[in-house]
Amino acid sequence: KSGTQYYPYWICYAAGVCMDRGYDVDLVDCIARKLTTEQTVELVKQSNADYVMGEITTSTCHHDYQVLTAIKKACPNVKILIGGTHATVLSTKVMEECPAIDVVARQEYDFTLDEIMKNWDNLSEVKGITYRNQSGEIIFQPDRPWTEDLDELPMVSKVYEKFLDVNDYCYAFAQKPMIQIFSSRGCPFHCNFCSYPESMSGRRFRRRSVKNFVDELEYIHNNMPYIREIFIEDDTFTVDKKRVVEVCDEIQRRGLKLVWSCNTRVDTLDYDTMKRMKEAGCRLLVVGYESGSQKVLDETRKGIKLEQSEEFARNTKKLGIKVFGCFMIGLKGDNRETIEETFRFAKKLYPDMVFFQQAVPFPGTAFYQWAKENGYLRTEDYSKWLNEDGYLDCLVDYPYADHKEIEKIRDNLMSRYYFSFTYIFKTFLANLDWFEFKRVMKGGFTYIWFRIKKMGK
């Protein structure tokens with residue numbers, strides 16, 4: 001709604017591993033290039049590929065199946081491999097729904113692809129996959145161990161550089177052009193609505209070495225000088241504060257002048273660590289405040305206290321670090337009163353940017369199970385997850401508000417926050433340089449246009 005476009009980073013890491021192993025690889029972001037199904041099929045035909053690897057998502061799987069079926073029809077000998085959160089959680093169901101798929105590579109699949117291709121005639125040797133054997137039976141293999149040595153992974157920035165146009169990608173809160181990289185995988189926390197730890201990266205926190213990670217930062221600094229901001233895409237970059245300080249020390253020791261931002265939590269950062277991050281180039285922190293109700297936070301297993309959120313907000317303001325505050329409505333334990341508490345809490349914390357989003361029941365999460373068991377889930381037909389404009393629909397009807405009312409509440413909270421006199425003159429106009437002004441205006445106008453189109457229907 002504000003122009004965000006993610007890098008396809010999971011596939012890019014896997015592509016880098018395959019190139020390191022000697023495979024002839026091409027990587028195409030069909031979304032960024034706005035390719036039609038017909039153009040995608042033609043691209044596969046011209047490539048004469050032996051294997052096609054793609055990702056599907058819950059909200060787009062219905063359309064993804066159509067594309068994969070068209071590829072298989074035009075290129076019957078190509079082997080189709082699929083990964084991603086939805087395919088991981090529902091791998092057998094996905095293969096039943098789309099006979100064009102030969103193998104699902106579950107969870108993190110960087111090194112799984114090499115094993116699949118080396119053992120195509122004996123896939124029972126490969127862990128972490130669900131596959132269709134010669135008689136058409138769907139076989140679910142045991143999970144593969146998590147990748148412990150993340151230094152084995154390639155620099156994903158080099159993969160982006162080879163195959164993608166960095167100008168196609170942006171976060172609404174990041175300076176453009178930006179780049180997304182990982183320094184770690186896995187999240188040790190247990191929020192009941194979060195999909196990635198339940199599917200792709202797990203709960204075990206695994207780190208790249210400080211040297212290996214800063215080597216990539218230095219590569220970006222020296223070889224991609226057009227990048228204005230590096231976003232560290234870790235679920236929570238600041239899990240290990242000692243390591244964060246070591247990264248900051250190494251950035252400064254090498255004399256790297258970087259602008260970067262990251263995901264964090266209010267309970268994993270103290271003032272001193274935050275100060276070191278600021279000195280090493282940290283511009284912005286993305287934090288999940290989630291709710292202004294302690295009861296709701298406890299129900300969702302967020303594991304934080306409101307007082308920690310308040311201290312976090314005070315520290316960022318002292319240091320001049322910008323904050324993108326994420327709040328969710330419709331969480332377990334929510335009602336109209338707690339949603340209003342969340343808005344008042346957001347105004348109290350006063351992040352530089354804010355996002356109110358309806359809770360999404362992703363398959364595999366405890367939130368999905370809760371919504372389903374209570375009869376709140378509107379549909380399990382994933383073809384209905386997107387509305388006619390291609391945006392994620394609200395998928396839960398609550399006793400206190402149906403999905404349409406939740407959408408109205410969400411949009412109203414965004415408008416009340418961003419169009420308040422205080423925000424416009426105290427936060428927006430008072431804290432902008434030229435690049436920041438362009439970034440905010442682009443995201444703002446994109447969102448306003450979204451609201452105008454919506455009101456016209």
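The values are calculated or read from the model by the stated rules, or taken from the named source; none is laboratory data. Everything numeric here is computed off the predicted structure, so don't read it as measured data. Backbone-built Cβ (ideal geometry, glycine too); neighbour counts: all protein chains shown. Note: accessible area is taken over every heavy atom of the protein model, side chains too, but ligands, DNA and RNA are not part of it. Shrake-Rupley method; radii C 1.70, N 1.55, O 1.52, S 1.80 Å.
Before moving on, here are some points about what is shown:
- Solvent-accessible surface of the chain, averaged per residue with a 1.4 angstrom probe and all protein chains in place: 45 square angstrom.
- Debye intensity ratio I(q)/I(0), log10, the chain, q values 0.11, 0.13 Å⁻¹ (C-alpha model): -0.96, -1.37
- Amide H contacts under 5 Å for C282: W260, restricted to partners 5 or more places along the chain or on a different chain, H placed in the peptide plane at 1.01 Å from N.
- Atom-type composition of the exposed protein surface of the chain places 51 percent of the accessible area on carbon and sulfur (1.4 angstrom probe).
- With both residues required to sit in the chain, DSSP beta bridges show an antiparallel share near 25%.
- Residues whose placed amide H lies under 5 Å from that of Q358, excluding near-sequence neighbours: I329
- For segment 168-287, average projected area of the Cα convex hull in nm²: 7.5 nm²
- When the C-alpha to C-alpha distance is required to be over 22 Å, the pairs from K241/K278; K211/K241; K317/K408; K176/K275; K34/K93; K93/K384 that qualify are K317/K408; K176/K275; K34/K93.
- Taking θ as phi - 60° and the Karplus parameters 6.51, -1.76 and 1.60, the scalar couplings of segment 184-195 work out to 7, 9, x, 10, x, 8, 10, 4, 7, 10, 8, 7 Hz in sequence order, x denoting glycine and proline.
- Straight-distance crosslink candidates among aspartates and glutamates, where the alpha carbon sits under 13 Å from K318 and sequence neighbours closer than 8 are dropped: D270, D272, E310
- Karplus-derived HN-Hα couplings along segment 307-316 (A = 6.51, B = -1.76, C = 1.60, θ = phi - 60°), whole Hz, x at Gly and Pro: 5, 5, 5, 5, 5, 4, 5, 4, 5, 5
- Among Y289, I304, T264 - extreme Cα towards positive end, dipole of segment 243-309, charges at beta-carbon: T264
- Taken one residue at a time, the phi angles of segment 170-180 give Karplus couplings (6.51, -1.76, 1.60, θ = phi - 60°) of 6, 9, 4, 9, 10, 6, 10, x, 10, 9, 10 Hz. Gly and Pro are set to x.
- Helical contribution to [θ] at 222 nm, DSSP H n ≥ 4, -39,500 (n - 2.57), averaged over the chain, rounded to 500: -12000 deg cm²/dmol
- Charge dipole of the chain (Cα centre as origin; +1 on each Lys and Arg Cβ, -1 on each Asp and Glu Cβ, all else neutral): 1660 debye, rounded to the nearest 20.
- Along its three principal directions, the equivalent ellipsoid of segment 261-361 from the Cα gyration tensor extends over semi-axes of 24, 12, 12 Å, largest first.
- Listed by chain and number, the aspartates and glutamates whose alpha-carbon sits under 14 Å from that of K322, ignoring those within fewer than 8 places in the same chain, are E229, E279, D352, D433, E436.
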